[in-house]
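Let me begin by presenting the structure, written as structure tokens, before commenting on it.
The values are calculated or read from the model by the stated rules, or taken from the named source; none is laboratory data. Keep in mind that what you see is a predicted model, and the values were worked out from it rather than measured. When we count neighbours, we look across all protein chains shown, and the Cβ atoms used for this are built from the backbone with ideal geometry, even at glycine.
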Amino acid sequence: MDEHDPETVSSDREKKDAYEEFEDRVRRIGLLLLSGLRVFKTRWNELYFHQQAGHFLAFATLVALVVYTGYTIEIYKASNRSAIAAKVSAEAAKGAADTAHEALVIGQRAYMVDSFTQAVEGQFLRVTIRWENKGETPTNHMTMHMSQSGIRHSPLPDNFDFPNTWEDGKDHGGISVTAGAKSFLNGIELHVPLAKLQHPPSYLYVWGWARYSDVFKGTPEHETRFCEEFDTNEMNPSKISVHSLEVKNACYRYNCVDDECKN
């Protein structure tokens, strides 16, 4: 219960007003009795003994009833306040526990991102894209796939929809795997003939997705998408070496994590 919740505050105020109204009525009855006592006192001596005894007993009973009613109201009000305070404390503790659990999940859950290495091997440019789990716990029920464009002589068009592609002879479907904590998974490895880079402009794109659950109960499925552009136009093919291949840019689309991927 939120102590600032308008409905809760209104409900508590209504209860409080009802208690005070009833208590006020009892107080008025008490004042009325005192007033009646003053009037009755002037006639006391005119009554017979048995009448005096009967009136005294009735008056004493009524006074006791008023006192008992007022005492009962005070006990009920105190109990009700204690119950409300206990409920607020319990819900505050639950909120703190939920916040702590959420912080634990964020800090410890699996978190998949793409990672790349590249090198020159003879007459080929080797580009390796891998999945990396940067989290402290493994994934559950993970499927993944990576695709590549091959060498293009123009950038990706604005309406490119990043389809899944497969090598000849490979099954058309995502791979089911488990990524351990702080680990890498093989993704896609490309061997591009350096001769193809002799005729710029030339572009190479790699994109992919991973869908997985973490080890914590009640958390939603996670998704990571990426697209990387290897712009070889900045390279001098005749001078390519392992130290000159830091040419990679994230595509302006298809890079997202979890809820970002739903937009």
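Table for the structure above
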read-out: For Thr137: the one exception among (1) surrounded by fewer than 14 Cβ atoms within 10 Å (Cβ to Cβ); (2) touching a helix residue (DSSP H, G or I) at 6+ places or on another chain (Cβ under 9 Å); value: (1)
read-out: Selection within segment 88-127 - of a type in the set (Gly, Ala, Ser), closer than 24 Å to Lys217 by Cβ and assigned to a helix (DSSP H, G or I); value: Ala90, Ala92, Ala93, Gly95, Ala96, Ala97, Ala100, Ala103, Gly107
read-out: Residue that is exposed (fewer than 15 other Cβ atoms within 10 Å of the Cβ) and either closer than 17 Å to Gly187 by Cα or touching a residue at least 12 places away in the same chain (Cβ under 8 Å) (or both), where the choices are Val120, Val88, Val127, Val105; value: Val88
read-out: Single condition Leu197 does not satisfy, out of (1) touching a Lys or Arg at 6+ places or on another chain (Cβ under 9 Å); (2) modelled with pLDDT under 75; value: (1)
